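Participant: I have a structure here, written as structure tokens, and I will follow up with some questions on it.
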Amino acid sequence: MVLTPDFATRPVISFQHVHKTYSTGTEALRDVNLEVPEGDFLFLVGPSGAGKSTVVRLLIREEKPSKGKIFVDGVELGRMKRRRLPHYRRKVGLVFQDFKLLPNLTVYENIAFALRVLGEPDQHIRARVAEALDTVSLYGKENTYPANLSGGEQQRVAIARALVHAPRFIIADEPTGNLDPATAWEIMQLFLRINARGATVVMATHNREIVDLLRRRVVAIDAGQIARDDRSGRYHDDFAKSEVRAQ
Amino acid sequence: MILRNLKFALNSAWQSFWRNLAVSLAAVLSITLILILAGINLLVGHALSQVLDGFRAKVSEISVNVSDDTPLASVYDFKDQLAADPRVVSVRFVTKDEALTQFKSDPQNLILAQQIEGNPLDAKLDVQVRNLNDVAAVDSMARQWSGVDPTDPTNYQGDFVNRMLQLSQWLELAGVGLLVVLLIVSVVIVMNTIRTAVYHRRKEIEVMKLVGATEWFVRGPFVIEGVMTGLIAAAIALALLAVGYEPVVSRFKSDIGFIPLSYDPAFISSLARDLLLAGAMLGALGSYIGVRRYVRI
């Protein structure tokens with residue numbers, strides 16, 4: 001089942017005239033305006049260096065905008081106090097291309113970690129981790145270390161960790177970048193299921209096949225600006241060409 | 001929740017100490033070496049202060065020689081006057097006979113005592129002064145007393161006392177200076193060692209921050225690990241110092257007998273307290289500073 005986002009509702013993510021210039025002088029974003037309603041599934045596409053990762057970094061408040069405002073769930077991220085930041089990040093589930101799993105912890109411990117920082121009791125952690133393992137179909141791998149898992153399995157663990165605390169937003173940066181097409185497709189099915197449960201998903205990706213197949217909202221970024229925002233879009237050919245040129 | 005977080009921090013610190021054993025041992029080793037140096041400084045300082053205390057006790061006692069023709073009543077008057085002085089701890093009157101007996105009982109005077117005819121020694125007042133700085137003033141008061149032997153009034157050696165005072169001040173200053181230098185060097189070394197340990201775990205810290213851990217949640221295990229490292233290092237340093245203390249002192253005594261160095265087992269407990277406290281604080285401070293760069297969100 002595909003949920004159509006309700007654009008009439010108040011956006012949960014809102015970029016208002018956002019500019020980002022890094023201390024090196026690189027202008028990563030220029031006057032970006034973007035609204036994401038609750039329950040949306042949004043692909044951020046564009047050539048390398050276009051500004052997709054900057055959008056992700058701004059969303060998880062690893063960076064602050066140089067100009068403009070970003071609101072998430074009614075809170076302006078640029079003005080958020082440092083001590084409030086951990087509480088904000090607990091509302092967000094993060095998935096990265098390089099998985100960012102802790103190699104010294106088992107699958108169970110890696111997933112439980114997101115709940116430990118919340119100070120949840122052990123009993124609660126056990127139940128929630130079991131549920132998350134079930135969602136990503138990794139039951140029976142609890143005691144395995146990440147090094148003994150395939151790339152797809154590691155990404156499943158990362159997704160389980162991202163959703164174990166039932167976040168309202170999932171932000172994913174190239175989650176299928178290190179995976180073969182079949183595994184990438186399995187991982188996308190997981191994201192769709194999470195989205196169907198109500199979580200808003202923002203995903204930066206280079207994976208043209210998946211974007212074209214799923215026909216969800218596509219926001220194309222080029223040279224730091226929003227070039228296109230299609231409700232049911234495709235990974236535009238122009239980008240594919242410019243990427244080939246860049247290589 | 002605080003208890004759960006504390007339990008998590010303790011568990012993480014313990015696991016991380018053993019998982020990163022090579023780096024942990026490097027940290028333990030550097031803190032141990034620093035604490036051994038600090039411990040040696042404290043032990044030498046303590047031994048020297050014992051020696052100085054002995055000297056101080058000796059030089060803060062002066063003998064006022066009484067002229068043979070001074071009436072006993074005048075001697076007792078002056079004795080009372082001295083005893084009433086707040087700078088004076090005690091005054092003891094030693095008669096001529098007692099002075100002779102004392103002189104003869106000293107083995108160093110054995111040959112001289114056999115050659116003495118009659119009693120050439122003065123009666124004297126042995127005065128114990130409370131503060132070394134006041135000995136000169138008490139001596140000057142005694143010299144002005146009419147009953148004092150004008151040829152040899154007192155046994156006070158002003159120069160020696162002044163030198164002793166200077167020496168003790170310099171030694172105290174040197175000890176404090178050395179401790180300050182050790183402290184600065186140790187904090188820098190510990191901070192860098194722990195920063196290396198933290199650098200190895202920067203990914204872990206990044207993940208902690210991304211899943212919403214507070215700064216103290218991230219910092220806590222590192223600080224506890226630092227305290228643990230410091231305590232282990234302090235225990236090793238203490239064991240080595242405790243084992244080496246007695247043999248070194250006795251060796252020193254047999255080689256350089258004129259300096260009355262002594263072994264003081266009671267000092268070990270105060271050394272233990274100081275080293276454990278210093279170790280724990282060094283570890284905690286080094287970790288706190290070392291982890292700061294990576295923890296800031």
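The values are calculated or read from the model by the stated rules, or taken from the named source; none is laboratory data. Since the structure is predicted, the reported quantities are computational estimates derived from the model, not experimental observations. Positions of Cβ are generated from backbone atoms using ideal geometry, with glycine treated the same way; all protein chains shown enter the neighbour counts.
Participant: Find the strands (runs of 3 or more DSSP E) located wholly in the stretch A:151-228 whose residues include 1 or more that are closer than 27 Å to A:I111 by Cα, and list them.
Facilitator: A:169-173, A:200-204
Each row is one residue, and each column tells you yes or no for (1) β-branched (V, I, T); (2) modelled with pLDDT of 90 or more; (3) under 18 Å from A:V136 (Cα atoms).
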site: A:I170; (1), (2), (3): yes, yes, yes
site: A:D173; (1), (2), (3): no, yes, no
site: A:L179; (1), (2), (3): no, no, yes
site: A:A182; (1), (2), (3): no, no, yes
site: A:E186; (1), (2), (3): no, no, yes
site: A:G224; (1), (2), (3): no, yes, no
site: A:Y235; (1), (2), (3): no, no, no
site: A:R245; (1), (2), (3): no, no, no
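Participant: Do we find that B:V129 is under 30 Å from B:L48 (Cα atoms), free of Cβ contacts under 8 Å to residues at least 40 places away in the same chain and buried (at least 17 other Cβ atoms within 10 Å of the Cβ) in this structure?
Facilitator: In short, no.
Participant: Scan the stretch B:243-259 and give yes if some residue there is within 14 Å of another protein chain (Cβ to nearest Cβ) and not in a helix (DSSP H, G or I), otherwise no.
Facilitator: No, the conditions are met nowhere in the stretch B:243-259.
Participant: What tally of residues in the stretch B:183-204 results from selecting those that are within 10 Å of chain A (Cβ to nearest Cβ) and either assigned to a helix (DSSP H, G or I) or among the β-branched types (V, I, T) (or both)?
Facilitator: Total meeting the criteria: 2.
Participant: Look at B:P265 and say whether it is assigned by TED's automatic domain parsing to the domain that holds B:N192, under 17 Å from the mean Cα position of the chain (by Cα) and not acidic (D, E).
Facilitator: Considered against the rule, which asks whether it is assigned by TED's automatic domain parsing to the domain that holds B:N192, under 17 Å from the mean Cα position of the chain (by Cα) and not acidic (D, E), B:P265 comes out as yes.
Participant: Restricting to the stretch B:49-64, count the residues that are of a type in the set (K, R) and in contact (Cβ under 8 Å) with a residue 12 or more places away in the chain.
Facilitator: So the answer is 1.
Participant: With the stretch B:1-90 as the region, which helices (runs of 4 or more DSSP H) entirely inside it contain at least 1 residues that are within 14 Å of chain A (Cβ to nearest Cβ)?
Facilitator: In the stretch B:1-90, the matching helices (runs of 4 or more DSSP H) lie at B:2-19, B:21-59.
For every residue, the table says whether it meets (1) modelled with pLDDT of 80 or more; (2) closer than 22 Å to B:G279 by Cα; (3) assigned by TED's automatic domain parsing to the domain that holds B:A47.
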{"position": "B:A136", "(1), (2), (3)": "yes, no, no"}
{"position": "B:R143", "(1), (2), (3)": "yes, no, no"}
{"position": "B:G147", "(1), (2), (3)": "yes, no, no"}
{"position": "B:P153", "(1), (2), (3)": "yes, no, no"}
{"position": "B:Y156", "(1), (2), (3)": "yes, no, no"}
{"position": "B:S168", "(1), (2), (3)": "no, no, yes"}
{"position": "B:L171", "(1), (2), (3)": "yes, no, yes"}
{"position": "B:L183", "(1), (2), (3)": "no, yes, yes"}
{"position": "B:S186", "(1), (2), (3)": "no, yes, yes"}
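Participant: Taking the conditions exactly as written (free of Cβ contacts under 8 Å to residues at least 24 places away in the same chain and surrounded by fewer than 22 Cβ atoms within 10 Å (Cβ to Cβ)), does A:R61 satisfy them or not?
Facilitator: No.
Participant: Looking for whichever is polar (S, T, N, Q) and at pLDDT below 80 here; the options are B:S270, B:S262. Which one fits?
Facilitator: Residue meeting the stated conditions: B:S262.
Participant: Just name the residue that is farthest from the other protein chains (Cβ to nearest Cβ) out of those in the stretch A:56-99 that are within 18 Å of A:A166 (Cα to Cα) and of a type in the set (V, I, T).
Facilitator: Ranking the qualifying residues of the stretch A:56-99, first place goes to A:V72.
Participant: Can you run down the residue pairs with Cβ atoms below 9 Å, 6 or more apart or on separate chains, where the first is in the stretch B:207-228 and in the same structural domain as B:G283 (by TED's automatic domain parsing) and free of Cβ contacts under 8 Å to residues at least 12 places away in the same chain and the partner is surrounded by fewer than 24 Cβ atoms within 10 Å (Cβ to Cβ) and among the polar types (S, T, N, Q)?
Facilitator: B:W216/B:N5
Participant: What number goes with the only condition from (1) surrounded by 14 or more Cβ atoms within 10 Å (Cβ to Cβ); (2) in contact (Cβ under 8 Å) with a residue 40 or more places away in the chain that B:D152 does not pass?
Facilitator: Going through the list (1) surrounded by 14 or more Cβ atoms within 10 Å (Cβ to Cβ); (2) in contact (Cβ under 8 Å) with a residue 40 or more places away in the chain, B:D152 breaks only (1).
Participant: Does the stretch A:103-117 contain at least one residue that is within 10 Å of another protein chain (Cβ to nearest Cβ) and basic (K, R)?
Facilitator: Yes: the stretch A:103-117 contains one or more residues that are within 10 Å of another protein chain (Cβ to nearest Cβ) and basic (K, R).
Participant: Kindly indicate which of B:A213, B:A235 is within 14 Å of another protein chain (Cβ to nearest Cβ) and either under 26 Å from A:Y88 (Cα atoms) or part of a helix (DSSP H, G or I) (or both).
Facilitator: B:A213
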